[in-house]
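Step one of this worksheet: look at the structure below.
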Amino acid sequence: MQTPLAAAPTFEPDDLPSFVAPLKWAPSRDEVLAQSGGSRIENNNYSAEYFGKLIRVDAQIFTESGMPLFGEAQITLERFEGRHIGIRINTTDLDSRCWDDEAPIKGCRKDDRNRLHQTFLKIKSALEKQYGPGIVQRSSSDREPSVQWRAQSGHLMLFLNREEFDGWTIGLWIARR
């Protein structure tokens, strides 16, 4: 089911989903640690496409974090030219053996796709309560659902797909122009 773009979106990027509160745009390191209980922080940069433009993103990544509805998650705060432009939250329920030198290549996730799908539906329901129905994205597989809420100044995307170590993850990406 698709929601026409002509329908007025209730989502605006500066209005973050209520379940990520008190996480906000441009939080301090201490605020993110207090929200997430994160125990590791990494700084990274990478190229990413934002609204049709390839840019160099500076990211601060909080791993081993807890996040309402997600459980164990990785929180990534993205900046471009000093301005906060994105927040990514991904489940990270990896088996610790995956980091060993002789780690198995497949099956590193502790959780399976079916349980994560139930979590995906809970997060989707929470987003629909706050923003109304999203736009279901067409994919090559019904096993990898994706829903997007769009606004003139950005978008929010929820997805369930295969990620690192050939496992499943739920991701939420909030981006603003």
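In table form, for the structure just shown:
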item: Output for region 51-82, where each listed residue is β-branched (Val, Ile, Thr) and either at pLDDT 90 or above or within 25 Å of ALA151 (Cα to Cα) (or both); result: ILE55, VAL57, ILE75, THR76
item: Single residue of region 16-50 satisfying the filter (outside any strand (DSSP E or B) and open to solvent by 70 Å² or more (accessible area, probe 1.4 Å)) that is modelled with the highest pLDDT; result: SER18
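The values are calculated or read from the model by the stated rules, or taken from the named source; none is laboratory data. On a predicted model such as this, the values are computed, not experimentally measured, just so you know. Side chains are part of the model used for accessible areas, which takes the heavy atoms of the whole protein and leaves out ligands, DNA and RNA. Shrake-Rupley method; radii C 1.70, N 1.55, O 1.52, S 1.80 Å.
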